[in-house]
Amino acid sequence: MNGWLVVNEFVMTDKFNELFSMLFKAAMAEGIELTKRSNSELWTMLGSCNYRFYDFFTTGCTFEKDGASMVMSAADIGLEMPDFILFWDKDIRLAYELERQGMKVFNSAQSIADCDDKAVTFLKLAAAGIRQPDTYISPKKFHTDGLFDKKFLDMAGSRLGFPCVVKENFGSFGQQVYLAMDRKQLEEFVITLGDRPYIIQEYIFASKGRDIRLEVVGDKVVAGMQRSNPMDFRANITNGGSMQPYTPNVEQAKMAVEACQALGLDFAGVDILFGPGEKPLLCEVNSNAHFKNLFDCTGVNAAEYIIRYIKSKLS
Ligand SMILES: Nc1ncnc2c1ncn2[C@@H]1O[C@H](COP(=O)(O)OP(=O)(O)O)[C@@H](O)[C@H]1O
Ligand SMILES: [Mg+2]
(Lines give C-alpha, C1' and ligand atoms only; values in the text may rest on other atoms or scores of the structure.)
(Ligands and ions follow the chains in the order given, each with its own letter.)
Protein backbone atom coordinates (compact mmCIF):
# COMPACT_ATOMS: atom_id res chain seq x y z
CA MET A 1 0.00 0.00 0.00
CA ASN A 2 1.31 3.47 -0.75
CA GLY A 3 0.18 6.96 0.12
CA TRP A 4 1.09 10.59 -0.18
CA LEU A 5 1.46 12.87 2.78
CA VAL A 6 0.41 16.25 1.42
CA VAL A 7 2.00 19.13 3.29
CA ASN A 8 2.20 22.85 2.84
CA GLU A 9 5.31 24.04 1.03
CA PHE A 10 5.42 27.22 3.09
CA VAL A 11 5.11 25.97 6.66
CA MET A 12 7.83 23.33 6.92
CA THR A 13 8.81 24.27 10.45
CA ASP A 14 10.38 21.89 13.00
CA LYS A 15 6.99 21.63 14.67
CA PHE A 16 5.41 20.28 11.49
CA ASN A 17 8.40 18.13 10.51
CA GLU A 18 8.28 16.42 13.89
CA LEU A 19 4.66 15.50 13.27
CA PHE A 20 5.41 14.27 9.77
CA SER A 21 8.22 12.02 10.97
CA MET A 22 5.79 10.44 13.46
CA LEU A 23 3.44 9.72 10.55
CA PHE A 24 6.27 8.31 8.40
CA LYS A 25 7.43 6.02 11.21
CA ALA A 26 3.90 4.80 11.85
CA ALA A 27 3.39 4.14 8.13
CA MET A 28 6.63 2.22 7.86
CA ALA A 29 5.66 0.05 10.81
CA GLU A 30 2.47 -0.86 8.93
CA GLY A 31 4.34 -1.64 5.70
CA ILE A 32 2.96 1.46 3.98
CA GLU A 33 5.14 3.49 1.65
CA LEU A 34 4.36 7.12 2.44
CA THR A 35 5.80 9.88 0.23
CA LYS A 36 5.80 13.55 1.11
CA ARG A 37 4.36 15.85 -1.58
CA SER A 38 3.95 19.57 -1.13
CA ASN A 39 0.91 21.50 -2.28
CA SER A 40 3.13 23.60 -4.48
CA GLU A 41 4.61 20.51 -6.18
CA LEU A 42 1.17 19.02 -6.78
CA TRP A 43 -0.33 22.23 -8.10
CA THR A 44 2.54 22.47 -10.57
CA MET A 45 1.68 19.01 -11.88
CA LEU A 46 -2.10 19.32 -11.75
CA GLY A 47 -2.11 22.83 -13.14
CA SER A 48 -0.49 21.67 -16.34
CA CYS A 49 -2.78 18.60 -16.43
CA ASN A 50 -5.90 20.65 -16.34
CA TYR A 51 -4.67 22.95 -18.99
CA ARG A 52 -3.40 20.43 -21.52
CA PHE A 53 -4.77 17.11 -20.37
CA TYR A 54 -7.87 15.68 -18.86
CA ASP A 55 -8.01 13.43 -15.82
CA PHE A 56 -4.30 12.89 -15.91
CA PHE A 57 -4.07 10.40 -13.12
CA THR A 58 -6.85 8.10 -14.13
CA THR A 59 -6.72 8.00 -17.91
CA GLY A 60 -3.33 9.21 -19.03
CA CYS A 61 -3.26 12.21 -21.30
CA THR A 62 -3.42 12.85 -24.97
CA PHE A 63 -1.84 15.93 -26.42
CA GLU A 64 -0.60 17.25 -29.73
CA LYS A 65 3.10 17.42 -30.46
CA ASP A 66 4.48 18.33 -33.89
CA GLY A 67 1.08 17.54 -35.40
CA ALA A 68 1.03 14.02 -33.93
CA SER A 69 -1.19 12.81 -31.13
CA MET A 70 0.87 11.65 -28.19
CA VAL A 71 -0.27 9.80 -25.10
CA MET A 72 1.38 10.48 -21.80
CA SER A 73 0.58 8.68 -18.56
CA ALA A 74 1.22 9.54 -14.95
CA ALA A 75 4.02 6.98 -15.00
CA ASP A 76 5.81 8.97 -17.74
CA ILE A 77 6.55 11.69 -15.24
CA GLY A 78 7.23 9.21 -12.47
CA LEU A 79 3.85 9.57 -10.79
CA GLU A 80 1.64 6.74 -9.72
CA MET A 81 -1.77 7.32 -8.29
CA PRO A 82 -1.44 6.56 -4.57
CA ASP A 83 -3.81 4.27 -2.69
CA PHE A 84 -4.59 7.18 -0.39
CA ILE A 85 -3.68 10.72 0.47
CA LEU A 86 -3.11 11.90 4.00
CA PHE A 87 -3.86 15.56 3.55
CA TRP A 88 -2.01 17.53 6.24
CA ASP A 89 -2.65 20.91 4.72
CA LYS A 90 -5.41 23.51 4.43
CA ASP A 91 -5.04 23.98 0.67
CA ILE A 92 -8.69 23.08 0.24
CA ARG A 93 -8.85 23.59 -3.52
CA LEU A 94 -6.07 21.05 -3.92
CA ALA A 95 -7.87 18.53 -1.71
CA TYR A 96 -11.05 18.94 -3.79
CA GLU A 97 -9.12 18.50 -7.03
CA LEU A 98 -7.34 15.37 -5.82
CA GLU A 99 -10.71 13.90 -4.86
CA ARG A 100 -12.16 14.88 -8.22
CA GLN A 101 -9.33 12.97 -9.86
CA GLY A 102 -10.45 9.87 -8.02
CA MET A 103 -8.09 9.82 -5.06
CA LYS A 104 -9.09 8.85 -1.54
CA VAL A 105 -8.26 11.77 0.69
CA PHE A 106 -8.08 11.66 4.51
CA ASN A 107 -9.61 13.79 5.99
CA SER A 108 -12.02 14.54 3.17
CA ALA A 109 -11.72 17.91 1.44
CA GLN A 110 -15.17 18.96 2.68
CA SER A 111 -14.44 18.12 6.31
CA ILE A 112 -11.11 19.98 6.25
CA ALA A 113 -12.83 23.00 4.70
CA ASP A 114 -15.59 22.94 7.31
CA CYS A 115 -13.12 22.72 10.20
CA ASP A 116 -10.90 25.40 8.79
CA ASP A 117 -13.63 28.02 9.08
CA LYS A 118 -14.81 28.44 12.67
CA ALA A 119 -18.15 29.94 11.58
CA VAL A 120 -18.92 26.99 9.30
CA THR A 121 -17.86 24.56 12.01
CA PHE A 122 -20.20 26.31 14.44
CA LEU A 123 -23.16 26.10 12.04
CA LYS A 124 -22.61 22.42 11.22
CA LEU A 125 -22.25 21.48 14.88
CA ALA A 126 -25.28 23.55 15.86
CA ALA A 127 -27.31 21.78 13.17
CA ALA A 128 -26.22 18.47 14.71
CA GLY A 129 -27.43 19.62 18.13
CA ILE A 130 -24.00 19.86 19.74
CA ARG A 131 -23.79 22.30 22.65
CA GLN A 132 -21.51 25.29 22.01
CA PRO A 133 -21.09 28.77 23.49
CA ASP A 134 -23.58 31.32 22.11
CA THR A 135 -22.05 32.59 18.90
CA TYR A 136 -22.64 35.41 16.40
CA ILE A 137 -21.21 35.16 12.91
CA SER A 138 -19.91 38.32 11.26
CA PRO A 139 -21.75 39.53 8.17
CA LYS A 140 -19.59 39.29 5.06
CA LYS A 141 -17.83 42.46 3.95
CA PHE A 142 -16.41 42.85 0.46
CA HIS A 143 -14.29 45.80 1.44
CA THR A 144 -13.89 47.94 4.52
CA ASP A 145 -13.85 51.47 3.11
CA GLY A 146 -16.17 53.54 5.22
CA LEU A 147 -18.13 50.44 6.25
CA PHE A 148 -18.44 49.27 9.76
CA ASP A 149 -20.36 46.51 11.57
CA LYS A 150 -21.68 48.90 14.22
CA LYS A 151 -25.23 47.52 14.42
CA PHE A 152 -23.93 43.97 14.50
CA LEU A 153 -21.47 44.74 17.31
CA ASP A 154 -24.16 46.60 19.30
CA MET A 155 -26.45 43.61 19.05
CA ALA A 156 -23.86 40.85 19.67
CA GLY A 157 -22.21 42.84 22.49
CA SER A 158 -25.46 43.53 24.29
CA ARG A 159 -26.72 39.96 24.00
CA LEU A 160 -23.46 38.23 24.96
CA GLY A 161 -22.28 40.77 27.51
CA PHE A 162 -18.64 41.46 28.35
CA PRO A 163 -16.07 40.15 28.27
CA CYS A 164 -16.78 38.25 25.07
CA VAL A 165 -14.52 36.28 22.78
CA VAL A 166 -13.66 37.35 19.25
CA LYS A 167 -12.25 34.69 16.95
CA GLU A 168 -11.10 35.09 13.41
CA ASN A 169 -12.75 32.38 11.33
CA PHE A 170 -9.33 31.21 10.18
CA GLY A 171 -6.73 30.82 12.89
CA SER A 172 -4.95 28.39 15.17
CA PHE A 173 -2.80 28.01 18.30
CA GLY A 174 -4.94 30.63 20.04
CA GLN A 175 -3.23 33.33 18.00
CA GLN A 176 -6.34 34.76 16.36
CA VAL A 177 -8.56 34.56 19.46
CA TYR A 178 -9.13 37.71 21.56
CA LEU A 179 -10.98 38.70 24.71
CA ALA A 180 -12.93 41.95 24.37
CA MET A 181 -13.46 43.51 27.79
CA ASP A 182 -16.00 46.10 26.66
CA ARG A 183 -17.83 47.47 23.63
CA LYS A 184 -14.97 49.83 22.80
CA GLN A 185 -12.39 47.06 22.76
CA LEU A 186 -14.71 44.85 20.72
CA GLU A 187 -14.86 47.58 18.11
CA GLU A 188 -11.09 48.07 18.19
CA PHE A 189 -10.49 44.35 17.55
CA VAL A 190 -12.99 44.25 14.73
CA ILE A 191 -11.48 47.33 13.08
CA THR A 192 -8.05 45.69 13.06
CA LEU A 193 -9.57 42.61 11.37
CA GLY A 194 -10.54 44.68 8.31
CA ASP A 195 -12.49 42.42 5.97
CA ARG A 196 -11.36 39.18 7.64
CA PRO A 197 -14.37 37.16 8.84
CA TYR A 198 -14.83 36.53 12.55
CA ILE A 199 -17.22 35.22 15.16
CA ILE A 200 -18.15 36.71 18.52
CA GLN A 201 -18.72 34.22 21.25
CA GLU A 202 -20.02 34.07 24.79
CA TYR A 203 -17.08 33.98 27.21
CA ILE A 204 -17.25 30.76 29.21
CA PHE A 205 -15.91 32.02 32.49
CA ALA A 206 -15.90 28.55 34.12
CA SER A 207 -13.36 27.52 31.48
CA LYS A 208 -11.03 30.48 31.95
CA GLY A 209 -7.52 29.29 30.99
CA ARG A 210 -8.49 25.62 30.86
CA ASP A 211 -9.99 23.20 28.39
CA ILE A 212 -9.55 19.65 27.17
CA ARG A 213 -8.13 18.34 23.94
CA LEU A 214 -9.40 14.95 22.85
CA GLU A 215 -7.96 13.07 19.91
CA VAL A 216 -10.62 11.13 18.03
CA VAL A 217 -9.78 8.47 15.46
CA GLY A 218 -12.70 6.71 13.80
CA ASP A 219 -15.42 6.56 16.42
CA LYS A 220 -13.15 6.51 19.47
CA VAL A 221 -11.31 8.94 21.68
CA VAL A 222 -7.76 7.57 21.70
CA ALA A 223 -6.14 10.13 24.01
CA GLY A 224 -6.94 13.19 26.04
CA MET A 225 -5.28 15.97 27.96
CA GLN A 226 -6.37 18.89 30.04
CA ARG A 227 -4.65 22.15 29.20
CA SER A 228 -4.37 25.03 31.59
CA ASN A 229 -2.89 28.47 31.71
CA PRO A 230 -3.28 30.65 34.81
CA MET A 231 -1.95 33.68 32.87
CA ASP A 232 -4.30 33.68 29.89
CA PHE A 233 -7.90 32.77 29.08
CA ARG A 234 -6.58 30.66 26.17
CA ALA A 235 -5.30 27.26 27.20
CA ASN A 236 -3.34 26.45 24.01
CA ILE A 237 0.07 24.90 24.71
CA THR A 238 1.70 27.01 21.99
CA ASN A 239 0.42 30.02 23.89
CA GLY A 240 2.10 28.93 27.13
CA GLY A 241 -0.44 26.47 28.56
CA SER A 242 0.61 23.36 30.46
CA MET A 243 -0.85 19.91 30.00
CA GLN A 244 -1.77 16.84 31.93
CA PRO A 245 -3.28 13.51 30.85
CA TYR A 246 -7.06 13.50 31.02
CA THR A 247 -9.62 10.73 30.77
CA PRO A 248 -12.86 12.18 29.44
CA ASN A 249 -16.16 11.29 31.04
CA VAL A 250 -18.85 9.66 28.92
CA GLU A 251 -20.50 12.96 28.03
CA GLN A 252 -17.26 14.62 26.87
CA ALA A 253 -16.17 11.58 24.85
CA LYS A 254 -19.61 11.30 23.22
CA MET A 255 -19.56 14.99 22.33
CA ALA A 256 -16.11 14.70 20.71
CA VAL A 257 -17.07 11.67 18.62
CA GLU A 258 -20.42 13.17 17.59
CA ALA A 259 -18.71 16.40 16.54
CA CYS A 260 -16.35 14.44 14.26
CA GLN A 261 -19.27 12.51 12.81
CA ALA A 262 -21.25 15.69 12.20
CA LEU A 263 -18.29 17.09 10.26
CA GLY A 264 -17.52 13.86 8.41
CA LEU A 265 -14.03 13.60 9.89
CA ASP A 266 -12.02 10.40 10.06
CA PHE A 267 -9.84 11.81 12.82
CA ALA A 268 -9.44 15.13 14.62
CA GLY A 269 -8.34 16.97 17.72
CA VAL A 270 -11.42 18.26 19.50
CA ASP A 271 -11.31 21.13 22.01
CA ILE A 272 -13.96 21.10 24.72
CA LEU A 273 -14.65 23.83 27.28
CA PHE A 274 -15.92 23.42 30.81
CA GLY A 275 -19.30 25.10 31.02
CA PRO A 276 -21.11 26.01 34.25
CA GLY A 277 -21.39 22.90 36.44
CA GLU A 278 -18.58 21.38 34.33
CA LYS A 279 -21.08 20.68 31.51
CA PRO A 280 -19.08 20.27 28.29
CA LEU A 281 -19.32 22.87 25.53
CA LEU A 282 -17.72 22.24 22.16
CA CYS A 283 -15.03 24.84 21.45
CA GLU A 284 -13.56 23.85 18.09
CA VAL A 285 -12.49 20.90 15.96
CA ASN A 286 -9.07 20.56 14.31
CA SER A 287 -8.93 18.37 11.22
CA ASN A 288 -5.12 18.54 11.18
CA ALA A 289 -4.41 18.55 14.88
CA HIS A 290 -0.87 18.77 16.20
CA PHE A 291 -0.71 15.56 18.22
CA LYS A 292 2.95 15.81 19.29
CA ASN A 293 2.04 17.60 22.54
CA LEU A 294 -0.57 14.96 23.23
CA PHE A 295 2.10 12.30 22.72
CA ASP A 296 4.50 14.05 25.11
CA CYS A 297 1.74 14.34 27.66
CA THR A 298 0.07 10.93 27.42
CA GLY A 299 2.53 8.66 25.58
CA VAL A 300 -0.26 7.88 23.10
CA ASN A 301 0.93 8.15 19.52
CA ALA A 302 -2.05 9.35 17.44
CA ALA A 303 -0.02 8.83 14.25
CA GLU A 304 -0.17 5.07 14.80
CA TYR A 305 -3.94 5.16 15.28
CA ILE A 306 -4.42 7.32 12.19
CA ILE A 307 -2.28 5.12 9.95
CA ARG A 308 -3.91 1.92 11.20
CA TYR A 309 -7.33 3.47 10.72
CA ILE A 310 -6.54 4.40 7.09
CA LYS A 311 -5.16 0.92 6.44
CA SER A 312 -8.30 -0.69 7.85
CA LYS A 313 -10.51 1.54 5.68
CA LEU A 314 -8.67 0.57 2.50
CA SER A 315 -8.20 -3.15 3.01
N1 LIG B 1 -15.92 30.97 24.34
C2 LIG B 1 -14.81 30.77 25.05
N3 LIG B 1 -14.79 31.01 26.39
C4 LIG B 1 -13.65 30.82 27.12
N5 LIG B 1 -12.49 30.41 26.59
C6 LIG B 1 -12.45 30.15 25.25
C7 LIG B 1 -13.60 30.32 24.42
N8 LIG B 1 -13.27 29.99 23.16
C9 LIG B 1 -11.97 29.66 23.19
N10 LIG B 1 -11.46 29.75 24.44
C11 LIG B 1 -10.06 29.48 24.82
O12 LIG B 1 -9.24 29.92 23.74
C13 LIG B 1 -8.50 28.82 23.21
C14 LIG B 1 -8.36 28.99 21.70
O15 LIG B 1 -9.65 28.96 21.08
P16 LIG B 1 -9.96 28.01 19.86
O17 LIG B 1 -11.35 28.28 19.43
O18 LIG B 1 -9.62 26.60 20.20
O19 LIG B 1 -8.97 28.58 18.71
P20 LIG B 1 -7.60 28.04 18.12
O21 LIG B 1 -7.97 27.46 16.79
O22 LIG B 1 -6.74 29.23 17.97
O23 LIG B 1 -7.04 27.00 19.05
C24 LIG B 1 -9.27 27.57 23.62
O25 LIG B 1 -8.40 26.46 23.69
C26 LIG B 1 -9.81 27.98 24.99
O27 LIG B 1 -8.84 27.80 26.00
MG1 LIG C 1 -8.06 25.24 19.64
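Checking the condition away from ligand 1 (no atom under 16 Å from the Cβ) and modelled with pLDDT of 95 or more, which residue from Asp219, Asp232 passes?
Answer to the selection: Asp219.
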Subject >> Residues that are near ligand 1 (Cβ under 9 Å from one of its atoms) and in contact with an Asp or Glu (Cβ under 7 Å, 6 or more places away or on another chain), drawn from the range 280-291 >> reply: Cys283, Glu284
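Under the condition of being touching a Leu at 6+ places or on another chain (Cβ under 7 Å) and not in a helix (DSSP H, G or I), which residue from the range 258-279 is nearest to ligand 1 (Cβ to nearest atom)?
At the first step, the residues of the range 258-279 found to be touching a Leu at 6+ places or on another chain (Cβ under 7 Å) are 259, 262, 270, 272-273, 275.
When the remaining residues are screened for being not in a helix (DSSP H, G or I), the result is 270, 272-273, 275.
Details: Val270: 10, Ile272: 9, Leu273: 6, Gly275: 9 Å.
Checked the range 258-279; the qualifying residue nearest to ligand 1 (Cβ to nearest atom) is Leu273.
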**OP:** Consider only pairs whose beta carbons are under 6 Å apart and that are at least six residues apart or on different chains; among these, list those whose first residue lies in the range 165-192 and is at pLDDT below 95 and whose second residue is in a loop (DSSP other than H, G, I, E, B) and within 13 Å of ligand 2 (Cβ to nearest atom).
**Re:** Phe173/Asn236; Phe173/Thr238; Gly174/Arg234; Gly174/Asn236; Gly174/Asn239
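Taking Leu34 as the residue in question, decide whether it is in contact with a Gly (Cβ under 9 Å, 6 or more places away or on another chain), within 24 Å of Val300 (Cα to Cα) and surrounded by 14 or more Cβ atoms within 10 Å (Cβ to Cβ).
yes
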Original post:
Given the conditions (1) more than 15 Å from ligand 2 (Cβ to nearest atom); (2) surrounded by fewer than 22 Cβ atoms within 10 Å (Cβ to Cβ); (3) outside any strand (DSSP E or B), and given that Ile306 satisfies all but one, which numbered condition is not satisfied?
Top reply: (2)
**OP:** Would you be able to say whether some residue in the range 167-178 is away from ligand 2 (no atom under 16 Å from the Cβ) and closer than 18 Å to Ala119 by Cβ?
**Re:** no
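Across the range 130-149, what is the number of residues that are touching a residue at least 24 places away in the same chain (Cβ under 8 Å) and more than 24 Å from Asp271 (Cβ to Cβ)?
Adding up the residues that qualify gives 7.
The values are calculated or read from the model by the stated rules, or taken from the named source; none is laboratory data. From a predicted model like this one, the values you see are computed outputs, not experimental measurements. Cβ: placed from backbone, ideal geometry, glycine included. Neighbour counts: every protein chain shown.
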